Amino acid sequence: MFDGFDTYIYTSKGERLMNSVLVQTFDVDNVRYIKDMKVPVCSAHEIRIKVRVCALDGLDKKVLRGEFSSFVALPLTPGYQVSGVVDQTGSSVRNFTKGDAVVAIIPLDTRYGGLGSYVIVNHINAIKKPESVEHVDAAAILLDGLRIYHSLHYLASIKPSHFVGIACEDLALTHVALQVLKAIKDVKVIIISKSGGYTYKEYGSFIVRVVDPSMESTVDCVMQETGGLGLDLILDFRDNDQGFGGTVGDGKGDKAETDPQDDRKHLDHREKIEEEVVGRMDTPCPVKKSVIIRCLAVHGRWITSNTHLQLHPHESLQLAMRSASLCFLFEQTWLLSPKQQGKYLHILEDLMQGLKKKVLKPLVAKRIKLEEVRSALKHLRVSSGGGKIAVLVNNGDEA
């Protein structure tokens, strides 16, 4: 088999075996499909879930390229949002019994995730799935839903009549954000994205404009739609390798971005910018940091999931002159710390109820079998996000 895996594989006769995906190094080319992994056993406070569906997410892509290598150990099994059936409970578990349909987000520091026949989770990280909700939908909405709820209800305070900007190339995440925002009265949304012609017509006048930053001035469009006031909130869900036109890593974009000695001109929202888009035209949503800041209203808030983001002093000044703020979004914070566990479970309950009432519906691009996951992970690495990939596991039953 593989060096170092012998402790994770049963060799004795009569032991229960399962199918799983294993990653040896932080490289999608080293993903292996294993048919003789041992079935894990629960400790006192854990439940074992027989996985029906594991939905792939941008988080899997980040893990596979080593962004969290400082605390994610190898070998590992990726897959961080699952829906399935309780197969075994620990001796101290009272809120679940064998046969319960459940959903769970797998903590990032868990070595063996949802891309296997079984997964072990602490019982406080799982909730029961409504019977009428499909396993595919339940798994596919978990991380995106948590991101949106975390952003809108904990990092920001959205009120009626607010203008919200969404900078995102992941259609699945954008759709969940729009579904949640639509429930807030009189909120107006501007989407900043190379949408490829997607118009979001199904949401009606709730979306006031879709701005393609490669074709038009983002600042001018935002100011035109907001009456020169700017956006009260910007949800910046671009990946680390999608943003800011090369400012990550090589610093080229930062040099071309703004002159620190000429900060005053950036305080005028209405000033025509000469160039907002840097880098190659096929780079998804390559909007400069200064452009994002200039789109903010006074007391506006910029929420970003870009863990590589750094501001120059003149960019900090632009934020300060608006009394604006920058927040970092990392949805796994809820699982890596036991603080506010009740609020976390309440978010998951809300998501399941939204699915049950058909208020929420994740965008699922394709359904694949577990043995096909290697090619799916390669697709995830290069895809800008056209919808979720649902991996069907243990599906003698319907997903």
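Just the residues that are farther than 27 Å from residue 187 by Cα and surrounded by fewer than 17 Cβ atoms within 10 Å (Cβ to Cβ), please, taken from region 125-161.
Passing the criteria: 128, 130, 131, 132.
Which residues, counting only those in region 360-395, are closer than 13 Å to residue 138 by Cα, touching a Lys or Arg at 6+ places or on another chain (Cβ under 9 Å) and in a loop (DSSP other than H, G, I, E, B)?
Correct list: 362, 363.
What are the residues in region 26-47 that are within 22 Å of residue 59 (Cβ to Cβ), touching a Leu at 6+ places or on another chain (Cβ under 9 Å) and loosely packed, with under 13 Cβ neighbours inside 10 Å, if any?
The answer is 27, and nothing else.
Among the residues of region 207-220, what is the count of those that are surrounded by 15 or more Cβ atoms within 10 Å (Cβ to Cβ) and outside any strand (DSSP E or B)?
Final tally of qualifying residues: 7.
Which is over 26 Å from residue 23 (Cα atoms), surrounded by 20 or more Cβ atoms within 10 Å (Cβ to Cβ) and not assigned by TED's automatic domain parsing to the domain that holds residue 308, of 89, 77?
89
Do you know which of the residues in region 172-193 that are aliphatic (A, V, I, L, M) and assigned to a loop (DSSP other than H, G, I, E, B) is farthest from residue 149 (Cα to Cα)? Show your work before the answer.
Of region 172-193, the ones aliphatic (A, V, I, L, M) are 172-173, 176-178, 180-181, 183-184, 187, 189-192.
Remaining after also requiring assigned to a loop (DSSP other than H, G, I, E, B): 183-184, 187.
Details: 183: 12, 184: 13, 187: 16 Å.
That would be 187.
Going by what's in this entry, would residue 193 be described as among the polar types (S, T, N, Q) and within 19 Å of the chain's Cα centre (by Cα)? Give the steps one after another, and end with the answer.
Details: among the polar types (S, T, N, Q): yes; within 19 Å of the chain's Cα centre (by Cα): yes.
Yes: the conditions hold for residue 193.
The values are calculated or read from the model by the stated rules, or taken from the named source; none is laboratory data. Source: prediction; values computed, not measured. So basically every Cβ, Gly included, is an ideal-geometry build from the backbone, and we count neighbours across all protein chains shown.
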